[in-house]
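Bear in mind these aren't lab numbers, they're just calculated from the coordinates by the rules spelled out. Bear in mind the structure is a predicted one, so any value in this text is a computation, not a measurement. Don't worry about glycine lacking a Cβ; one is built from the backbone with ideal geometry, like all the others, and counts go over all protein chains shown.
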Amino acid sequence: MKNLFRSLAVVLAVGAMGQTFYVYAQEAGIISIEKEEQALMDLIELKRQVDVNGEPYTIFNDSFKDDGEEILNEEDFKESFTTHALRYIQAIEAEETLREVIQRPEFRNLYGRDNPGI
Amino acid sequence: MAKVVLKKQTSQLADNLVLVPGGPGLSPLSFEPLLASLEGMNVYFYYPTGTYEGSDGGNFSYTEQRDDLLEAISSLTNITLCGHSFGGILAVDVFLNDSSNIDSFICIASPFSQAAFESVNERFSEHETNEQKTKAESFQDDPTDNTYREWFASCAPHYFAYNNAKQGEKMLFSDKVSSKAFIEAREEASQKENLLEKLQQKPCKKLFLAGEKDNLLPPEVLRKDSKHGDFEFKMIEGAGHFVHFDCPQASAEQINNFISKKGGKS
C-alpha cells in the first residue's frame, strides 16, 4: 500500500509539471491544480507517517491543512484523498478518461452496490 | 448475432410490433405472456447478440447493440418498436438514428434521466439482501452467463410485483442471458438523458408504460422522463418493473389500443 501511494505521488508530481493554469470544474467552481497536487502529496505523507509510526491520525494531522479540513481517522483520510484525487482529475480535464477507465472489469466494484440491469 | 423472430402473424399488411428486451443482456423471453393478448399486428421478438446463440465473441458495446437492432429490423416496414427498460432506450436511439421504417414506439419502464438511474441505484441498495450481495460478488469474481443469470434471478423481488416474483425468478432462470452484453453496454446506457430532448425535435407517436408497483422506478420518477420525451403516459396497476410480464393482459390492451389508433392496415 505504501509503495502504491509513493508511486501515485510520483505520477501526480510528474503529471503536474507544467500545469500551472486553472480550469473550471463542473460543480466545484475553480480548481487549482497546484492546490490539489499539494493536498494529495500532504495526504500521502500523512498516511505514510501514520503507517510507519503506528500512531493515530490525530498525532500527525498538523501536517495536513486544507481549508480547515481535519483528518482525524482512516475514514476522514479516505474521504479526503478520494475528493482531492477526483478534483485533480477534474483539474487536468481527465473526466472522460476516468469514465473510460472505470468501465474496465477490474474496477466494477468502484460502483458501489451494483444491480444486474434494467 | 442479433435477430428478429416472427412470433405471431396477423397478415402481411399489418403493422409490425418488434419487442426489444432490457438488461442489457436479457433475451425477449419476458414478452412471452404478452403474445396471447396482442391483436391486429405481426409480433416479432428481438434477440440481442448473445441471447440467441451464446455470448462468445463479438462486440457488445452500446453502439454495437444499437446498430445490431437497426440492422435486424431493416427489412421490416410499418414498425412499432417496443422496448422494455434498456430496450426502450435502444429503441429511441434507433429511431433517432434512422426512422425510415419506424412509425411509432413504446417504452416500458425505461429510465433516461440521471434522476431515474439514481432511483434505481438507491432503491436497489436499500433493499438488497445478503444473498443478492453474494450472487453479485460471484458474478464480479467470475463474470459468466451463468453467474449473471443467477444474480439477476436472485434479485427478482426488486423487478417484479410481489405476487409474481416467484414466476419472475423462474423466468429469469430460463433466460439465455448475455453477460458480455450487460458488462459492455450498461454504463453507456445510463448516460442517454439527451435522447429525450432530441426526441422532442422529431415528433412521432409514442407511448410510455409504467408499473404502479415498480420498486426500482416508481411511476412518479418515470412520468417525468415520459413528459420530457413528450410520450403518452399510462400506468399499469399492480405491475412491477417487468410491467408486461406482471400484467400481460393490461399491457397488451394498451399496446393494442395504441397501435389501432395509429392506423394499422390489418
B:LYS170 and B:LYS8 label points (each 7 Å along its Cα→Cβ direction) are spaced in nm at 2.1 nm
Cα extents of chain B per principal axis, largest first, Å, are 51, 39, 35
If unit charges are put on Cβ atoms (+1 for Lys and Arg, -1 for Asp and Glu) and the dipole of chain B is taken about its Cα centre, the option from B:ALA165, B:LEU81, B:SER113 lying farthest towards the positive end turns out to be B:LEU81
The ³J(HN,Hα) series, computed from each phi in segment A:75-80 with the Karplus coefficients 6.51, -1.76 and 1.60 at θ = phi - 60°, rounded to the nearest Hz and given as x for glycine or proline, is 5, 4, 4, 4, 5, 5
The rounded separation in angstrom of the Cα centers of segment B:151-187 and segment B:12-69 is 16 Å
Rounded to one decimal in Å, the inverse mean reciprocal Cα-Cα distance for the protein assembly as shown, i.e. its Kirkwood radius, is 22.8 Å
Cα-Cα longer than 23 Å, checked against B:LYS7/B:LYS170; B:LYS205/B:LYS234; B:LYS170/B:LYS227; B:LYS7/B:LYS176; B:LYS192/B:LYS227; B:LYS3/B:LYS227, kept in input order, equals B:LYS170/B:LYS227; B:LYS3/B:LYS227
In deg cm²/dmol, rounded to the nearest 500, the helical mean residue ellipticity at 222 nm of chain B, built from -39500 (n - 2.57) for every DSSP H run of length 4 or more, is -13000 deg cm²/dmol
Placing +1 on each Lys and Arg Cβ and -1 on each Asp and Glu Cβ in the protein assembly as shown, then taking the dipole about the Cα centre, the residue among B:PRO203, B:GLN132, B:GLN249 whose Cα reaches farthest towards the positive end is B:GLN249
Label model pair B:GLU237, B:SER74: point-to-point distance (7 angstrom along the Cα→beta-carbon line) in nm is 4.6 nm
In debye to the nearest 20, the charge dipole size for segment B:173-262, taken about the Cα centre with +1 at each Lys and Arg Cβ and -1 at each Asp and Glu Cβ, equals 400 debye
Chain B: relative contact order from alpha carbon pairs under 8 Å, six or more residues apart, as a whole percent, is 25 percent
Amide H proximity to B:ILE106 below 5 Å, modelled H, separation 5+ or other chain, gives B:LEU81, B:CYS82, B:GLY83, B:LEU207
To the nearest 20 debye, segment B:3-261 has a Cα-centred charge dipole, built from +1 on Lys and Arg Cβ and -1 on Asp and Glu Cβ, of 700 debye
Straight-line reach check, B:LYS202, cutoff 20 Å on alpha carbons, 8 or more apart in-chain or any other chain, hits among aspartates and glutamates -> B:ASP67, B:ASP93, B:ASP98, B:ASP103, B:GLU193, B:ASP225, B:ASP230, B:GLU232
For segment B:138-266, averaging the sequence separation of alpha carbon pairs under 8 Å that lie six or more residues apart and dividing by its residue count, the contact order in percent is 24 percent
re segment B:99-160: pairs of Cα atoms spaced beyond 20 Å account for a percent value of 46 percent
